[in-house]
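Note sheet for the following structure.
The values are calculated or read from the model by the stated rules, or taken from the named source; none is laboratory data. A quick note: this is a predicted structure, and the numbers were derived from the prediction, not measured. Note: ideal-geometry Cβ built from the backbone for every residue, glycine included; neighbour counts use all protein chains shown.
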Amino acid sequence: MSLDQLLDGYQAFIEKGFASNADRYRQLEALGQSPSVMIIACADSRVDPATIFNAGPGELFIIRNVANVVPRYAPDGRAHGVSAALEFAIKVLKVSEIVVMGHAGCSGVKALLMDYEDTDGIGEFVVPWMASSHEILDRVMSHSAGHKVDTILGQMEEENIRLGLKNLMTFPWIADLVREGRVRLHGMHFGIAKGRLARLDPATDNFVTVERPEIPALKPAPTSHGSEAPAPGPALAAQKDGGAILP
Ligand SMILES: [Zn+2]
């Protein structure tokens, strides 16, 4: 998308989205926001929560970062972006639902698999950013023998969501509200190619596909040989023929 396309998009938004919600936007500025749902999602351009959940202005309080990472509670006086958003969402907006949403093909999660000396140019910030999630790599790799890389990455994406939910509970003012039933935590995973949304079932700790309307049969997803597929990172180059098997 070029800058011209962005500005054309703005014209289209004013004519359609804004025009049809003009009263809503006026009300939102006059009265402020009051979303009841907070979503922590990946910055990935393919997984916009407002699009996936068909949400309008003022309905979702969203924070996005590389690989939807939720830090542990660390009140050390330093700047913590996600924690600041959580504090605002819980204490000011009083949201009642917090969703941690991961997705298929997450490059942040992939970065965990990269060698530190071979980081595809993202070793300065992405790799250190993902270091707090390193335990998911250990957990998945401990039973990954014979698994394809794609399978391992999918498991890591799910573990990353579980870790995010676990870390949310390290915030005492979230944990208290969860125990009182005033805030609920949810894990979700979005499969991009087929639009599959899976929810973490707290009873089984498994991700379960959310039922959805029938849609016409989808065309097969392009292979990594096609031009639409993202290039794998160097440590994952072996998977381009359909998924290497890790030892
Ligand atoms: Zn991602």
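Against the condition within 14 Å of the chain's Cα centre (by Cα), without any contact (Cβ under 8 Å) to a residue 24 or more places away in the chain, surrounded by fewer than 15 Cβ atoms within 10 Å (Cβ to Cβ) and away from the ligand (no atom under 16 Å from the Cβ), how does A79 come out, does it pass? So A79 does not fit the description; no. Of all the criteria given as (1) within 19 Å of N68 (Cα to Cα); (2) away from the ligand (no atom under 16 Å from the Cβ), the one not satisfied by V100 is (2). The single condition among (1) in contact (Cβ under 8 Å) with a residue 60 or more places away in the chain; (2) touching a helix residue (DSSP H, G or I) at 6+ places or on another chain (Cβ under 6 Å); (3) more than 15 Å from C42 (Cβ to Cβ) that A111 does not meet is (3).
Say we look at region 94-119 and pick out the residues that are in contact with a Ser or Thr (Cβ under 9 Å, 6 or more places away or on another chain) and buried (at least 17 other Cβ atoms within 10 Å of the Cβ); which of these is modelled with the highest pLDDT? Looking at the filtered set, the residue picked out is V95.
Reported count of residues in region 23-46, each being over 23 Å from S96 (Cβ atoms), aliphatic (A, V, I, L, M) and either touching a Lys or Arg at 6+ places or on another chain (Cβ under 6 Å) or surrounded by 11 or more Cβ atoms within 10 Å (Cβ to Cβ) (or both), is 1.
So is I39 touching a strand residue (DSSP E or B) at 6+ places or on another chain (Cβ under 9 Å) and either within 16 Å of the ligand (Cβ to nearest atom) or farther than 17 Å from L197 by Cα (or both) or not?
Details: touching a strand residue (DSSP E or B) at 6+ places or on another chain (Cβ under 9 Å): yes; either within 16 Å of the ligand (Cβ to nearest atom) or farther than 17 Å from L197 by Cα (or both): yes.
Answer is yes for this residue.
Residue by residue, here is whether (1) outside the structural domain of H189 (by TED's automatic domain parsing); (2) in contact with a helix residue (DSSP H, G or I) (Cβ under 8 Å, 6 or more places away or on another chain) holds:
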{"position": "L7", "(1), (2)": "yes, no"}
{"position": "R24", "(1), (2)": "yes, no"}
{"position": "D44", "(1), (2)": "no, yes"}
{"position": "A67", "(1), (2)": "no, yes"}
{"position": "V82", "(1), (2)": "no, no"}
{"position": "F88", "(1), (2)": "no, no"}
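With the requirement that a residue be among the hydrophobic types (A, V, I, L, M, F, W, C) and either outside the structural domain of N167 (by TED's automatic domain parsing) or more than 15 Å from A43 (Cβ to Cβ) (or both), what does region 114-145 give you?
Restricting attention to region 114-145, the residues satisfying the condition of being among the hydrophobic types (A, V, I, L, M, F, W, C) are 114, 122, 125-127, 129-131, 136-137, 140-141, 145.
Matches in region 114-145: M114, V127, A131, I136, L137, V140, M141, A145.
Looking at region 120-159, which of the residues that are touching a residue at least 60 places away in the same chain (Cβ under 8 Å) and among the hydroxyl-bearing types (S, T, Y) is nearest to S83 (Cα to Cα)? Only one residue tops the list, namely S132. Residues considered: A84, A55. Of these, the only one that is away from the ligand (no atom under 16 Å from the Cβ) and under 30 Å from A22 (Cβ atoms) is A55.
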